[in-house]
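**Student:** Before I ask anything, let me first share the structure, which is written out below as structure tokens.
Computed from the coordinates by the stated procedures, all read-outs in this text should not be read as laboratory data. What you are looking at is a predicted structure, and each value in this text was computed from that prediction instead of being measured. Methodologically, a virtual Cβ is constructed for each residue, glycine included, from the backbone with ideal geometry; neighbour enumeration extends over all protein chains shown.
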Amino acid sequence: MLNTLATPRACPILSLFNEYLADARHQKLNLGVGVYQDETGLTPIMAAVKAAEARLLGNQTTKVYEGIFGNETFNQAIQTMMLGGLNADGRASTLQTPGGTGALNLMAYLIASARPNATIWLSDPSYVNHRPVFEMAGLTVKTYRYLDWESQCVDEDAVIDLASQLGAGDVFLLHGCAHNPSGADLSLAAWQALAELAPERGFLPLIDIAYHGLGDGLEPDIHGARLLVDAVEEALMSVSCSKNFGLYRERTGAAIVIAESERQAKRYREAMCEMARSAYSMPPAHGAAIVAEILGDGGLTSQWKSELLTMSNRLISLRHELAAALKEQTQTSRFDFLIRHKGMFSIMGLSEEAINTIKTQYGIYLLPSGRINIAGLTSHDIPRLVEAIIASGG
Ligand code: LMR
């Protein structure tokens, strides 16, 4: 019966990871999947997370279901972190989800149920999982020009121009910060322009935010998204705690819905619950309990923020080191964009052939798009990566 199945689409991130695991070379280096590593190459458990976990394990008395909404203390804490004072009139409602991808899925089905003919607009390029998530929900997916591949900056005129043409029935997906895969972010002026156009044009903003705190700092990284969300009656926000709390495998995220009234926001949250119930029933408890514990305790919150700052400072200094080494070796400013970019990723602008040579000859794994995970590097790796880039002919 099942042999009519089409060949499943492989995810480039997961395929590359499997290739990396199968590589027997000692000196291999995985710059594919977006996971933070410290200077020793380890993805550490944050000390604030460890402390919160110790408390939870000591106090936990049951493993009974949390409930369909997940942990409501977590939901409230995430909503406050993301929206700040914007939710004074109760127009937002938040649902705990299995990671940011869980939130994206529920939102995709929410949109598809309300507007089956809606078009979702993704940046070119965008996170490799965006298209499958929205296509699986039956939505029409289109792309908009985002990256100017020549300068590796955002083509803000193109983004704003698109916004001025969209209308009701269009969902405009924007990355809140530290754009995946390009690392090139919208300026605040561009966010402001979008905030002016959105209510006029009536499109639905969907902000995917997964790297806040790893760019310019927690508050600045959320600022642009808040400007836009504050300007409209309806918006969606998918939030991940994978990277900034280092909770990858705990699958911790949230779907925030902003509606024209408190009643509508609750209705949309309930619609997402209906979809969650049939997809996975109830979200996992552990990661959300950790985040709720950290954000509910001043001491743990400060400890977490200071660890997050250490992580983002490490990314910034690696960006400078890599850009300086490439400048010295190539005698050009071709890779200076690394310094302007934010967060974990940049697209190196290398040919397919070069990316393949870097993998086969040097055991250094970059995504086929040329996306590099800066956080996968250590200072020790930089000379080898630079050598590989130059030897591959770039
Ligand atoms: C990535 O882009 O590498 C991360 O978001 C990991 C993932 O799940 O794809």
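**Student:** Give me Rg over Rh for the chain, both radii from the alpha carbons and Rh done the Kirkwood way, two decimal places. Kindly include the intermediate steps, with their values, before the conclusion.
**Tutor:** Working: Rg = 21.0 Å, Rh = 21.8 Å.
In the chain, Rg relative to Rh is 0.96.
**Student:** Angle check, please: helix 47-59 long axis (alpha carbons) against the longest principal axis of the chain (alpha carbons), in degrees 0 to 90, nearest 10.
**Tutor:** 40 degrees
**Student:** A further question on this structure: For the chain, find the longest principal axis of its Cα atoms and tell me its angle to the long axis of helix 262-279, 0 to 90°, nearest 10.
**Tutor:** Taking the Cα atoms of the chain, the angle to 262-279 is about 60 degrees.
**Student:** In degrees between 0 and 90, to the nearest 10, how far off the longest principal axis of the chain does helix 188-201 point, with axes built from Cα atoms?
**Tutor:** Once rounded, the angle reads 40 degrees.
**Student:** Given only helices, namely DSSP H runs of n ≥ 4 each adding -39500 (n - 2.57), what is the per-residue ellipticity at 222 nm of the chain, to the nearest 500 deg cm²/dmol?
**Tutor:** Numbers: 14 runs with 181 residues, N = 394.
Computed ellipticity for the chain at 222 nm equals -14500 deg cm²/dmol.
**Student:** May I ask you to evaluate 6.51 cos²θ - 1.76 cosθ + 1.60, the Karplus curve with θ = phi - 60°, for each residue of segment 205-214 and list the ³J(HN,Hα) values in order in whole Hz, giving x for glycine and proline?
**Tutor:** Taking θ as phi minus 60°, the curve returns x, 10, 9, 9, 10, 9, 10, 5, x, 9 Hz for segment 205-214.
**Student:** When the convex hull of the Cα atoms of segment 113-184 is projected onto a plane and the area is averaged over all directions, what value comes out in nm²? Before the final figure, lay out the partial values.
**Tutor:** Working: hull surface 19.6 nm².
Its average projected convex-hull area is 4.9 nm².
**Student:** Further question: State, to one decimal in nm², a quarter of the convex hull surface area for the C-alpha atoms of segment 1-132, i.e. the direction-averaged projected area.
**Tutor:** Numbers: hull surface 60.4 nm².
Its Cα hull, projected and averaged over all orientations, spans 15.1 nm².
**Student:** Then there's this: Checking the table Lys28/Lys327; Lys243/Lys266; Lys243/Lys305; Lys142/Lys266 against a 20 Å threshold on Cα-Cα, which pairs fail?
**Tutor:** Numbers: Lys28/Lys327 24 Å; Lys243/Lys266 28 Å; Lys243/Lys305 13 Å; Lys142/Lys266 29 Å.
The answer is Lys28/Lys327; Lys243/Lys266; Lys142/Lys266.
**Student:** Moving to a separate point now. Let me know the shape class of segment 278-339, please: from the alpha-carbon gyration tensor, a ≥ b ≥ c as square roots of the eigenvalues, rounded when a/c is under 1.5, otherwise prolate if a/b is greater than b/c, or oblate. Intermediate results must be reported in sequence, preceding the final value.
**Tutor:** Numbers: a/c = 6.32, a/b = 2.14, b/c = 2.95.
Oblate.
**Student:** Charges at C-beta only: +1 for Lys and Arg, -1 for Asp and Glu. How large is the resulting dipole of segment 217-312 about its Cα centre, in Debye rounded to 20? Could you put the intermediate results ahead of the total?
**Tutor:** Values: 10 positive and 13 negative charges, 66 e Å.
That gives a dipole near 320 debye.
**Student:** Please say if segment 145-303 is rounded, prolate or oblate, where rounded means a/c under 1.5 for a ≥ b ≥ c the square roots of the C-alpha gyration tensor eigenvalues, and otherwise the choice is prolate for a/b larger than b/c and oblate otherwise?
**Tutor:** On the way: a/c = 1.92, a/b = 1.28, b/c = 1.50.
Oblate, because a/c is 1.5 or more while a/b does not exceed b/c.
**Student:** Assign one of three labels to segment 99-139, namely rounded, prolate or oblate, based on the Cα gyration tensor with a ≥ b ≥ c the square roots of its eigenvalues; rounded applies when a/c is under 1.5, prolate when it is not and a/b is larger than b/c, and oblate otherwise.
**Tutor:** Details: a/c = 2.24, a/b = 1.26, b/c = 1.78.
Since a/c reaches 1.5 but b/c is at least a/b, the shape of segment 99-139 is classed as oblate.
**Student:** Could you put Arg384, Arg269, Arg25 in order, starting from the residue whose Cβ has the fewest other Cβ atoms within 10 Å? All intermediate terms of the calculation are to be shown ahead of the outcome.
**Tutor:** On the way: Arg384 15, Arg269 22, Arg25 9.
Arranged by neighbour count, lowest to highest, Arg384, Arg269, Arg25 become Arg25, Arg384, Arg269.
**Student:** OK, next. Given charges of +1 on the Cβ of Lys and Arg and -1 on the Cβ of Asp and Glu, with all other atoms neutral, how large is the dipole of the chain about its Cα centre, in debye to the nearest 20? Working shown, then result.
**Tutor:** Details: 31 positive and 42 negative charges, 201 e Å.
So the dipole magnitude of the chain works out to roughly 960 debye.
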